[in-house]
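Shown next, in structure tokens, is the structure this report addresses.
The values are calculated or read from the model by the stated rules, or taken from the named source; none is laboratory data. Everything numeric in this text was worked out from a predicted model, so none of it was measured. Please note: Cβ atoms are built from the backbone with ideal geometry, for glycine as well, and neighbour counts cover all protein chains shown.
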Amino acid sequence: MVVAEYKNVLLDMIYVNDSKYNMLITSSSDFMIKGWDISSNIPSLAKQPENED
Amino acid sequence: MAINIDKYILGFFKDAFEQNNSELSFNEFMSQGMRHLKSWQRELKHREEKMQQCLSRLFAEADSGRKGVITWNQFNSMLIEKGLNLKSLRNQEPGNTALMKPIAVSGFSAKHNNPIQKMVNLGSKIAMFTEESNQIDFYNVDGSATNLKPLILSQQSLTV
């Protein structure tokens with residue numbers, strides 16, 4: 001049963017303009033930071049880039 | 001930081017000038033200003049010090065001859081001149097200035113229902129969202145339509 005709903009709103013975003021990432025990063029009121037792949041017509045969650053270390 | 005001399009405050013200054021043979025020394029001017037600008041920026045830190053700086057600047061602008069005394073005509077003329085300068089600045093269209101020119105894009109325009117909170121440059125596109133929104137919209141910078149669909153954050157529900 002759904003007891004409460006809240007509106008998850010955008011707080012900020014940056015675009016990482018690097019060929020390795022090319023990712024739109026958003027922060028939102030649900031405490032999440034997400035990376036988005038916007039290279040296709042439909043934005044989707046980006047894959048975590050592999051760490052080079 | 002500036003002091004807004006409205007008609008009410010101007011009236012007090014005019015009375016003060018009239019009671020002092022139409023001229024005020026620096027100290028008299030400061031004293032009148034401090035006395036009648038009681039409602040100025042009440043929440044400001046170091047308010048009195050900043051008010052003194054503003055009044056002092058006003059006095060110096062009116063006292064062009066550096067005599068340490070200004071007349072009502074000098075003070076009033078200075079205010080009129082400042083007002084006219086401000087008005088001309090406000091009326092100046094950004095496109096007419098040398099430093100600010102409109103970007104020549106072919107009809108880029110997007111109307112939203114809420115104030116725009118953030119825009120970022122994606123290279124050939126712009127991403128933006130409005131206040132209290134969970135949706136990012138995309139636009140091509142040349143004004144043409146983009147195929148990229150809006151990015152919508154999912155809403156969370158608290159369930160039991």
*Given the structure, is A:Asp30 more than 13 Å from B:Leu151 (Cα to Cα) and loosely packed, with under 10 Cβ neighbours inside 10 Å?*
no
_Suppose the filter is in contact with a Phe, Trp or Tyr (Cβ under 7 Å, 6 or more places away or on another chain) and either modelled with pLDDT under 85 or assigned by TED's automatic domain parsing to the domain that holds B:Lys82 (or both); does B:Leu10 pass it?_
no
*Report, ordered by the first and then the second residue, all pairs with beta carbons closer than 7 Å, sequence separation of six or more or different chains, a first member in segment B:34-49 that is within 14 Å of B:Asn4 (Cα to Cα), and a second member that is surrounded by 13 or more Cβ atoms within 10 Å (Cβ to Cβ) and basic (Lys, Arg).*
B:Gln41/B:Arg47
*Would you tally the residues in segment B:21-61 being within 16 Å of B:Trp72 (Cα to Cα) and either in contact with a Cys (Cβ under 9 Å, 6 or more places away or on another chain) or not assigned by TED's automatic domain parsing to the domain that holds B:Leu79 (or both)?*
1
_Filter segment A:16-33 down to the residues that are at the interface with chain B (Cβ under 8 Å from one of its Cβ atoms) and either in a loop (DSSP other than H, G, I, E, B) or without any contact (Cβ under 8 Å) to a residue 12 or more places away in the chain (or both) and list them by number._
A:Asn17, A:Asp30
*asked:* Quick check on my filter: what residues within segment B:100-153 are charged (D, E, K, R) and at pLDDT 85 or above?
replied: B:Lys118, B:Lys125, B:Glu131, B:Glu132, B:Asp137, B:Lys149
*For segment B:24-32, state whether one or more residues are touching a Phe, Trp or Tyr at 6+ places or on another chain (Cβ under 8 Å), in a helix (DSSP H, G or I), loosely packed, with under 15 Cβ neighbours inside 10 Å and not hydrophobic (A, V, I, L, M, F, W, C).*
no
*What about A:Ser28, is it modelled with pLDDT of 85 or more and among the small types (Gly, Ala, Ser)?*
yes
